[in-house]
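First the structure, in the form of C-alpha cells, and then the observations on it.
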C-alpha cells in the first residue's frame, strides 16, 4: 500500500530525472591496447599477455578498429566527432585491473552531444547525449568459485568499450527501457557490439534522482551499477523512484551513493558512498600518443554504415507495400532484416516473404529458443516454398504444416524434392477434382438440397470435405470454381 501511495504521490508531485551510462563491449578480435583475443567463454586467464598483465616495461598500442567503431556510432547518433583526441589515466583502484588504473578518455571524448530517438506511448522523443568515449574494461572478480578466496579472471581486462553517457534527460522507467532497447538495436545493426547483456558485453549504470515538478535544480542522485538486462534496468529505476519518493515524503535525507540491484527481490541496496570525478585524479596517458581523425577517415567510416531501422521501415512500406507494423517487426534486429533481404534475393513476393518470416519461421525460433542466425534453413528454401505456392503446386496450409516441418528435419533438400517425396503436389486437373467433388456431393444429398434452397454458405462445407478427401492435394481455387458450377446447374 505504501509503495502504491508513493507511486501516486510521485506522479502528481515529483518528477524523476534519469541518466544512463551504457558500456558496450566492441566486437574487435583483439583488445584495446594489445593483441590478446577478446573471445568470450575462454578458460579463465588464457586471453592474457605481459601487456594486459601490466608487466614492467610493457607499453600499450592503440587498436585502430576501435576508433572506427566509435566514429560509426557517433555518426549514427548525430554526435560531433572530436578530431583531436588523447587518452587519460583514471586513477581508481580496480582489484581486477592489474595496472591499478584504467586508460580512458576524459576531456576529449571521441563523440560529443548527439541524441537517441525513442518512442514511448506513440510519442517520439530525442534523448540528449553528453558524450561517447573509449576506455578499456576491467577483469572479473569471482566470489563463488572458492569459499575462502575471491578469484580473478583477467580475460576481460583491456577489452575495448564505448561508454555512451546520456544527459539526465529521461523521466520514467519506460523511457529508460526504450532508450536502452534502441541503443542495443543500433549497435547490433552497426555490427560493433552483440548487445548480449547476459554475457556482460553490454552493461548499464543508472543515475536517478527526483525533484518537485517545475523545479529546475537536480536532486541528489543515486547510481545503480552493473544492471545486466533491460528488464532489470526498468525494475531498478522503478524501485528507486519509489524509494526516493518515500524518503522525501518522510523528510529523510537522500544520500548520494552507489547501489546494486537484487533481481530476485526487485530491490536495490547500498554499496558505497559515491565518488566525485576529482577522486579519479585524471591525467594524460604518457605512453600513448594523441590521435587525429581526418576528413578522409570520417568519409571512409560513413561508407561502412548500413541501412538503419528507420530507413528500412520506410523502404519496406513505400517500396514493398508492407504495413507499418510488419515493417517495424522486421526491423527489430539486423539479423531478421538481413534474412528478409536474403529471401528477397530469390522472390519479389514481399508480402509472402513477410508472412513466412513472421509466421512459421518466428514460431519455430520461439519454440526452440534460438536466434535467426541459428535457423537451419537457408533463405533460398523459404523463397522456393513461396514460388511453389504462387505457381499453384502446393497451398500454404500444406507448405507450412508438412513441407516446412520435413525441410527442418533435412535442411539440405530443396522444397520441390520434399513435395515430390511426400506426394503433396497439388492437383489442379479438372477431371480429377471433379471426381472428388462428385464423391462428396453424392454422400451429402440433404446438404446439396439445402444449398439449392438458398443456404449458399454450405459451399464451405463441401470444399472442406473435398480437401479432406484429397488429403490436402486439391487446388482449392479449382475446387471452389467447379463446386459453384456443379451446384448451380
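No value in this document is a laboratory result; all are computed from the given coordinates. Since this is a predicted model, take the numbers as computed values, not measurements. Glycine gets a Cβ as well: all are built from the backbone with ideal geometry, and neighbour counts include every protein chain shown.
Determine the shape class of region 136-220: with a ≥ b ≥ c the square roots of the Cα gyration tensor eigenvalues, call it rounded for a/c under 1.5, and otherwise prolate if a/b is greater than b/c, oblate otherwise.
oblate
Give the relative contact order (percent, whole number) for the chain; include only Cα pairs under 8 Å separated by 6+ residues.
After rounding, I find 13 percent.
Label region 233-376 by shape, choosing from rounded, prolate and oblate, from the square roots a ≥ b ≥ c of the eigenvalues of the Cα gyration tensor; if a/c is under 1.5 it is rounded, and otherwise prolate applies when a/b is larger than b/c, oblate when it is not.
Here region 233-376 falls in the oblate category.
For a protection proxy built on the mean count of beta-carbon atoms within 10 angstrom, sort 285-298, 338-351 highest first, please.
338-351, 285-298
May I ask for the angle, rounded to the nearest 10°, between helix 334-343 and the longest principal axis of the chain, with both axes built from Cα atoms and the value confined to 0 to 90°?
30
Please report, in cubic angstrom per residue, the volume enclosed by the convex hull of the alpha-carbon atoms of region 430-487.
Here the figure is 65 Å³ per residue.
From the helices alone, meaning DSSP H stretches of at least four residues, give me the mean residue ellipticity at 222 nm for the chain, per-run term -39500 (n - 2.57), in deg cm²/dmol to the nearest 500.
The helix-only estimate for the chain comes to -11000 deg cm²/dmol at 222 nm.
Sort 140-151, 394-405 by packing, meaning the average of other beta carbons within 10 Å per residue, with the highest value first.
Put in order of decreasing packing, that is 394-405, 140-151.
Quick one: the Cα spread of region 39-183 along its three principal axes, in angstroms, biggest first?
Result, largest extent first: 51, 41, 26 Å.
Rounded if a/c is under 1.5, else prolate if a/b is larger than b/c, else oblate: which is region 319-415, with a ≥ b ≥ c the root eigenvalues of its Cα gyration tensor?
Note, shape of region 319-415 comes out oblate.
Could you work out how far the C-alpha centroid of region 63-84 sits from that of region 280-306, in angstrom?
Centre-to-centre (Cα) distance: 7 Å.
What's the angle, to the nearest 10 degrees (0 to 90), between helix 379-390's Cα axis and the longest principal axis of the chain?
Approximately 30 degrees, to the nearest ten.
Cut-off 18 Å, label point 7 angstrom out along Cα-to-Cβ of residue 477: give me the residues of region 385-423 whose amide nitrogen falls inside.
385-400
Using the basic label-point model (7 angstrom from Cα toward the beta carbon), what is the residue 265 to residue 140 distance in nanometres?
Those two pseudo-labels are separated by 2.5 nm.
Give the angle, between 0 and 90 degrees and rounded to the nearest 10, that separates the Cα long axis of helix 2-13 from the longest principal axis of the Cα atoms of the chain.
That helix lies at roughly 80 degrees to the long axis.
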